[in-house]
Amino acid sequence: LTFSTFGKENSIPESANWFISLDVEAFHKTRMGKFIMGKMNEAPNIKQKMDGLKNAFGVDLMEIREMYAFGTGEKDQGTAFIHGGINSKQLEGFASLNDNVEIDEYENTKTYNFQKGTLGILSKDSVVVASNKDLLNESLKFKSGDKKNELHTFVDSIEKKQDPIISIGANLLKVSKLEKKIKTEQEIILKKFKNMVIFLDETEDHIKISSFLQATKSETAIHLENIFRSWPSLLALVKGTNKELDEVIKNVEFSVTRDGKTVGITTLVSHAFFESKVEEELEKKREDSK
């Protein structure tokens, strides 16, 4: 897996300190995706909202192929690309109705600038949205092969056997500095780590979550590795004291790796366990609504 595989033709600039990438097309084909979408279709209120979104704005959530978003870490500073599931003509018609809209063109892309946010029409079924015009233009002028930052390089350094369904990454040091709400004790912990990335995919029997943390020092990575490796032993000590915790121990597996300053932890959750817990929660909501 390389950073360039995100979004296939991703326009993620050097300034991005966090990203979220979702391969919706792949998600729909997975056991997890089929189960979740099936439950969503069974919920009349969710289906009604999705139909309303499609009729009003021309956005069909079920037809989206991929989505990815990124930003610097500053508040209200983000950009998102959506490929598929968009009726661009219908969305343009709605955008044009706004009295304060500024219609322009940049890099052969028609843009709509509002008081809050901007929209760029990429194709008949794809768009880019951003917090402001500068961010939109920055993402549109990006060219493949442009400079990568520390986060990009870190993601590229992690070997993956398959492209993940969901990818989430952040430069913890930079994002924590830009985020004003971080508490002092949180900042002390975050300063010990550079980058973090989480990948979600699945095997035949499990949902697989792979998390990787890049520490600033080797000593920190070794300490973190030891903490993660001790989890199964700690959980075994409380076995039998809590029924729900016993269920988790039985159905969730952990494995830990370390490569220099990077610590990886893989979590495997059985499909059967995940599906049973979702069913339980839905049943509780049905009972509460009676």
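Relative contact order of region 5-116, taken over Cα pairs closer than 8 Å and 6 or more residues apart, is 24 percent. Entry comment: accessible area of the chain is 59 Å² per residue, from protein heavy atoms only and a probe of 1.4 Å. Taking the accessible area of the chain, probe 1.4 Å, and keeping the other protein chains in place, the carbon and sulfur fraction comes to 53%. In this structure, the pairs whose alpha-carbon distance is over 29 Å, taken from K39/K243; K49/K285; K49/K160; K34/K177; K47/K160, are K49/K160; K34/K177; K47/K160.
Among the listed pairs K75/K191; K124/K148; K133/K194; K29/K124, those whose Cα-Cα separation exceeds 28 Å are K124/K148; K133/K194. Here the Karplus relation 6.51 cos²θ - 1.76 cosθ + 1.60, evaluated at θ = phi - 60°, turns the backbone of region 200-208 into coupling constants of 10, 8, 8, 10, 4, 10, 9, 8, 10 Hz, with x for every Gly and Pro.
With θ taken as phi - 60° and the Karplus curve 6.51 cos²θ - 1.76 cosθ + 1.60 applied, the whole-hertz 3J(HN,Hα) list for region 82-95 is 10, 10, x, x, 10, 8, 4, 4, 5, 5, 5, x, 5, 4 Hz, x standing for glycine and proline.
Net charge in the neighbourhood of K124 (other residues with Cβ under 14 Å of its Cβ; Lys, Arg +1, Asp, Glu -1) is -1. Shown in residue order for region 130-141 are the 3J(HN,Hα) couplings computed by the Karplus curve 6.51 cos²θ - 1.76 cosθ + 1.60 at θ = phi - 60°: 8, 5, 8, 5, 4, 5, 4, 5, 4, 6, 6, 8 Hz (x for Gly and Pro).
The values are calculated or read from the model by the stated rules, or taken from the named source; none is laboratory data. Just so it is clear, the structure is predicted and the values come from calculations on it, not from any experiment. A quick note on method: Cβ atoms are made from the backbone with ideal geometry, for glycine too, and the neighbour counts reach across all protein chains shown. Accessible surface areas use protein heavy atoms only, side chains included; no ligands, DNA or RNA. Shrake-Rupley method; radii C 1.70, N 1.55, O 1.52, S 1.80 Å.
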